[in-house]
Amino acid sequence: MSNKKKILVIQPIHKAGIDLLEKHPKFDFEVIENLDASNINSKISECDALSIRTAKLPGALIDEAKNLQIISRHGVGYDNIDTEASKRKNITLTITANSNAVAVAEHVMFMLLNISKRKEMYDSSVKSGRFDERNKLPKTIELWNKSILIAGFGRIGQCLIKRCKGFEMNVFVYDPYISNEIIENLGGKKVDNLAETIKSMDAISLHIPLNNETENLINYDLLKTMKKNCIIINAARGGIINEEDLNKALNENLIFGAGLDVFTVEPPSKDNPLLNNPKVMLSPHTAAFTEECMTRMGKETIQNIIDFFDEKLDKSKIIKL
Ligand SMILES: NC(=O)c1ccc[n+]([C@@H]2O[C@H](COP(=O)([O-])OP(=O)(O)OC[C@H]3O[C@@H](n4cnc5c(N)ncnc54)[C@H](O)[C@@H]3O)[C@@H](O)[C@H]2O)c1
């Protein structure tokens, strides 16, 4: 019998990660594309490690895994993993902490600029032969000297502030767990009261995890206190903004626009009204899907498994369960 470690890769990853597996003398691996629970079930029972992207890993599946020692999330959010079951079975949960902050921060700037410059409207005016309407189109907005609130100042928030400062924005930071010193060193101003701060912001970008505390954090009661020119971006997790409330606020012209990379239900249902709202810019949870970032994540998710078995996994990448 082979004494090689069995590695399961749930959902395809970049070839750079597969290359690491192929080169490893002590690993056998299999990539799973069919995500039916019965298919995963039949493979998970023998594996020693798994890498997983966005597929759900409920407790019932984790309980089937007799030899599983490490779950390596391809990404940084881990709300698709049953952490209770992982803890109960003493399984290490790790993330690709070093890979995706830049890609997500760039995506936020891309959304902020597209919305403030009314990309769809201006682009289609030229393409549909209405160039002469340029003086009649509603005006665009500058980012210069505007106030942005970054909620959540971890890896992505700290990457985003540098881009916002490049545009000479005034950056306010809401993150009760990050020191004033770290925030000020990067040119931000720490705020303690989210509801009060939101009232004077021109832009808000969310970079916090989804949990009981943050679900529906941005709801109609808060939206109606925002400035009419405010743009809100969510490239964190669906469910932090209440989608029904957001749609209502946009239709009532309470805010200028919204950029969403993530949804309460993914994919969003066809009758989700936000899909047809012209004030919303959407992307299909692809903020981290740059070629460069996918390469980094593919490598890091496998390197984390290698480092774990070599007993040199960076502790900061291990989630405390
Ligand atoms: N759209 C995408 O493709 C994509 C890619 C990567 C990460 N994400 C998501 O982005 C978010 C941030 O990722 P990260 O890597 O920066 O995480 P991180 O853990 O480095 O930072 C999160 C920060 O949020 C703070 N925080 C936690 N609860 C808070 C609260 N209630 N109020 C204010 N701050 C709070 C923490 O102190 C921490 O500093 C996560 O939700 C992650 O799942 C999305």
Exercise. Which one is modelled with the lowest pLDDT, of the residues in segment 1-19 that are part of a loop (DSSP other than H, G, I, E, B) and hydrophobic (A, V, I, L, M, F, W, C)?
Worked result: Met1
Problem set entry | Count of residues meeting criterion [in contact (Cβ under 8 Å) with a residue 12 or more places away in the chain, within 19 Å of the chain's Cα centre (by Cα) and in a helix (DSSP H, G or I)] in segment 275-315 | 10
Exercise. For Asp63, all conditions in the list (1) charged (D, E, K, R); (2) without any contact (Cβ under 8 Å) to a residue 40 or more places away in the chain; (3) surrounded by 20 or more Cβ atoms within 10 Å (Cβ to Cβ) hold save one; what is the number of the exception?
Worked result: (3)
Exercise. If you take the residues in segment 68-86 that are of a type in the set (Val, Ile, Thr) and either more than 10 Å from the ligand (Cβ to nearest atom) or outside the structural domain of Ile44 (by TED's automatic domain parsing) (or both), which one is farthest from the chain's Cα centre (by Cα)?
Worked result: Ile70
Exercise. When the residues of segment 133-176 are filtered to those that are touching a Phe, Trp or Tyr at 6+ places or on another chain (Cβ under 8 Å) and among the small types (Gly, Ala, Ser), which remaining residue is nearest to Thr96 (Cα to Cα)?
Worked result: Gly152
Problem set entry | Breaking point among (1) within 16 Å of the ligand (Cβ to nearest atom); (2) touching a Gly at 6+ places or on another chain (Cβ under 6 Å), for Ile231 | (1)
Exercise. Consider Ala55 against the criteria (1) hydrophobic (A, V, I, L, M, F, W, C); (2) more than 17 Å from Gln11 (Cα to Cα); (3) modelled with pLDDT under 95: it satisfies all of them except one. Which criterion is unmet?
Worked result: (2)
Seminar exercise, completed: Subset of segment 20-55, residues assigned to a strand (DSSP E or B) and over 28 Å from the mean Cα position of the chain (by Cα), comes to Phe27, Asp28
Exercise. Yes or no: Ile156 in the same structural domain as Lys199 (by TED's automatic domain parsing), in contact with an Asp or Glu (Cβ under 7 Å, 6 or more places away or on another chain) and within 16 Å of the ligand (Cβ to nearest atom)?
Worked result: no
For this session: Output the residues belonging to segment 159-176 that are among the acidic types (Asp, Glu) and within 14 Å of the ligand (Cβ to nearest atom).
Result: Asp175
Seminar exercise, completed: Across segment 265-321, the tally of residues that are among the aliphatic types (A, V, I, L, M), surrounded by 19 or more Cβ atoms within 10 Å (Cβ to Cβ) and within 15 Å of the ligand (Cβ to nearest atom) stands at 5
Problem set entry | Residues of segment 181-190 satisfying the condition of being surrounded by fewer than 17 Cβ atoms within 10 Å (Cβ to Cβ) and closer than 14 Å to Ala151 by Cα | Lys189
For this session: Would you check which residues across segment 9-18 are more than 14 Å from Gln303 (Cα to Cα) and surrounded by 18 or more Cβ atoms within 10 Å (Cβ to Cβ) and list them?
Result: Ile10
Seminar exercise, completed: Of (1) surrounded by 18 or more Cβ atoms within 10 Å (Cβ to Cβ); (2) within 10 Å of the ligand (Cβ to nearest atom); (3) under 21 Å from Arg163 (Cβ atoms), Asp202 fails just (2)
Exercise. When you go through Arg134, Arg155, Arg163 one by one, which is the residue that is of a type in the set (Lys, Arg), in contact with a helix residue (DSSP H, G or I) (Cβ under 9 Å, 6 or more places away or on another chain), at pLDDT 95 or above and more than 22 Å from Val104 (Cα to Cα)?
Worked result: Arg134
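The values are calculated or read from the model by the stated rules, or taken from the named source; none is laboratory data. If you're wondering where the values come from, they're calculated on a predicted model, not measured in any experiment. Note that each Cβ is placed from the backbone with ideal geometry, even for glycine, and that neighbours are counted across all protein chains shown.
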